[in-house]
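Working notes, structure below.
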Amino acid sequence: MKKDNVSNITGCILSDLRKGRGLTQKEFAKAFNVSEGTVAHYEQGITVPNTEMLEKFADFFHVNVDYLLGRCMLEIEYNKLNETLYGNMTIADMVNIVSIMSKDKKHYLFQTLSLLGDKNSKLK
């Protein structure tokens, strides 16, 4: 993948995550001790955060670095996914997970569930 594509993807992901937390660029910059301009450059794809910053962002948003780089569409950390999938999940837990998904991810999830529902009803 070209650097330009990584910059743009990472910038969009960071922007979405930041906005999802209800943070302004100024608040986000302050939390990471960088300038507001640096955050704007990340989000506009002008620069890519270095490895150290990517790790800090991943920890802050509870995602993996591959997600920030656009290499993985799985937002939740792998170890937390396993705990979630194999634990005693409630409907409230599922609602909470879905509520933080982007509109596109929700659409994909509902399409997938519809397909699974159709397959299960045909099997009966």
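Going by average Cβ neighbours within 10 Å, how do the peptides 106-113, 57-64 rank, with the highest at the top?
By packing density, highest mean first, the sequence is 57-64, 106-113.
How much length, in nm to one decimal, is gained on full extension between VAL34 and ASP93, taken as 0.36 nm per residue of separation minus their Cα-Cα distance? Please list the in-between numbers first.
Details: separation 59, 0.36 × 59 = 21.24 nm, distance 3.41 nm.
Full extension of this stretch gives 17.8 nm more.
Taking 10 °C and 1.306 mPa s as the conditions, I'd like the Stokes-Einstein D for region 3-74 in µm²/s, using the Kirkwood hydrodynamic radius from alpha carbon pairs. Can you show the working numbers first?
Values: Rh = 11.8 Å.
Answer from the Stokes-Einstein relation: 135 µm²/s.
Estimate the FRET efficiency between LEU113 and CYS72 by the formula 1/(1 + (r/R0)^6), using the beta-carbon distance for r and 30 Å for R0, to the nearest 0.05.
Working: r = 21 Å, r/R0 = 0.70.
So, using R0 = 30 Å, E works out to roughly 0.90.
Figure the gain on full extension for LYS19 and MET101 (residue separation times 0.36 nm, minus the Cα-Cα span) and round it to one decimal in nm. Provide the component values of the computation, followed by the final result.
Working: separation 82, 0.36 × 82 = 29.52 nm, distance 1.23 nm.
Gain on stretching LYS19 to MET101: 28.3 nm.
No lab work stands behind these numbers, since they all come straight from the coordinates. This structure is a prediction, so every number in the text was calculated from the model and none was measured. Cβ: placed from backbone, ideal geometry, glycine included. Neighbour counts: every protein chain shown.
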